[in-house]
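A.B. asks: For reference, the structure I am asking about is given below.
The values are calculated or read from the model by the stated rules, or taken from the named source; none is laboratory data. All figures in this text were calculated on a predicted structure; none of them were measured in a lab. Counting neighbours? That spans all protein chains shown, and the Cβs are built from the backbone with ideal geometry, glycine included. With ligands, DNA and RNA removed, areas are computed over all heavy atoms of the protein, side chains included. Shrake-Rupley method; radii C 1.70, N 1.55, O 1.52, S 1.80 Å.
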Amino acid sequence: MKKYNFNAGPSILPKQAIDNTAKAVQDFNGIGLSILEISHRSKDFKAVIDEAEALFKELLDIPEGYSVLFLGGGASMQFCMIPYNFLEKKAAYLNTGVWAKKAIKEAKGFGEVVEVASSADANYTFYPKDFTIPSDADYFHFTSNNTIYGTEYRKDFDSPVPMIADMSSDILSRPVDVSKYAVIYGGAQKNIAPAGVTFVIIKNDALGKVSRYIPTMLNYQTHIDGGSMFNTPPVLPIYTAMETMRWVKEQGGVKEMERRAIERADIVYSEIDRNRLFRGTVAEEDRSRMNICFVMKDEYKELEPAFLEFATQHGMVGVKGHRSVGGFRISCYNAQSVEAVKELVKCMQEFEKQH
């Protein structure tokens, strides 16, 4: 039986990237050694990290004056690295979900934090829009896509202060005006690579504004100066990231990724809205293309375990909603196929017929 991978992260990757990574694990570049055992300072791996950086800059049209870093620690490490490097007195945050809330918690250890808006009272079922970013803040931080609740903001804010975004789960899924940001960061295990590497796109002249001492490994300048190699970087995930970005480029770049994301999301949301058993969980105008969340309608709530079992029996993997939300979550990152979402829709329709 064919499996369809809807896991939220680590998640689906292009088959091409997986196959080429597997070959590199066996024999990297025909040198007779695995990529798992070569020196990160060898010319062979230097070519990998240079190409990964160049592809990132090309795909997102990153302007001059920005650096692309590949670090460890996940996006969660960035929650403290951001205020360490940027928060002198006050920072502004948008509270739109679990990960935004965790970022806020870390920032409060470094200075005043202003929540410019929050959808917490509505269980994060919408994306706040009418708010003012204080002009005296050191920076404004938001999370563009919320994997747990299934909301997404697909525009680039006009901010009076340096803007920072966690784009862990929607990076490379649409064009972004990078020039509006001081930092874009994220864990790579959703749209780029296996778990273990974190990408950071950073405006070089935004640094050096805080007076505190910053520990060496937590200082972005350390990693810019070291070309992401101040310490041994996560070699294998960086290699897969390079392969994934090669694939994105071959497929037509981020505009094509956006077209596919819209197509997949339209197929699934149309069925959720049509099917008498299911309903969406967030405001329609804020629905995520990356993480599609839904539940059984109240009168059919007792059928949720049965549908989960039914979908699993038909090859659907990772469709259970996050434990804090329940229901179902269909993650449709760049490598997801239209075939997969159509098969899911067939499951939903067949289950409806049976009940």
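A.B. asks: Calculate the dipole size of the chain relative to its Cα centre from +1 charges on Lys and Arg beta carbons and -1 charges on Asp and Glu beta carbons; express the result in debye to the nearest 20.
C.D. replies: Charge dipole, the chain, about its Cα centre: 500 debye, nearest 20.
A.B. asks: Please compute the net charge surrounding Ile12, taking Lys and Arg as +1 and Asp and Glu as -1 over other residues with Cβ under 15 Å from its Cβ.
C.D. replies: Residues near Ile12 contribute +3 overall.
A.B. asks: Continuing with the same structure: Once the Cβ-Cβ distance between Lys297 and Lys2 is put in as r, and R0 is 22 Å, what FRET efficiency do you end up with, to the nearest 0.05?
C.D. replies: That gives a FRET efficiency of 0.15.
A.B. asks: Let me ask something else about it. For the chain, which whole percent of the accessible surface, found with a 1.4 angstrom probe, sits on carbon and sulfur atoms?
C.D. replies: Ligands and nucleic acids excluded, carbon and sulfur reach 49 percent.
A.B. asks: Also, quick follow-up: When each pair of different Cα atoms in the chain is counted once in the 1/r mean, what is the Kirkwood radius in angstroms, to one decimal?
C.D. replies: Roughly 21.2 Å, rounded to one decimal.
A.B. asks: Still on this model: Would you look at the GNM of the chain, springs on alpha carbons closer than 10 Å, and say which of Val341, Val325, Val200 moves the most?
C.D. replies: It is Val325.
A.B. asks: Right, here's the next one. Given a 10 angstrom Cα cut-off, can you work out which residue in Gly227, Gly30, Gly109 is the most mobile in a GNM of the chain?
C.D. replies: Gly30
A.B. asks: Which Cα, out of Ile267, Ser331, Leu277, lies furthest along the positive dipole direction of segment 212-355 (beta carbon charges, K/R +1, D/E -1)?
C.D. replies: Ser331
A.B. asks: Between the alpha-carbon centers of segment 282-331 and segment 45-87, tell me the distance in whole angstrom.
C.D. replies: 33
A.B. asks: Rolling a 1.4 angstrom probe over the protein heavy atoms, how many square angstrom per residue are accessible across the chain?
C.D. replies: Ligands and nucleic acids excluded, the figure is 42 Å² per residue.
A.B. asks: A follow-up question, please. Please report, for the Cα atoms of segment 1-81, the Rg to one decimal and the Dmax as a whole number; what are they, in angstrom?
C.D. replies: 16.0, 49
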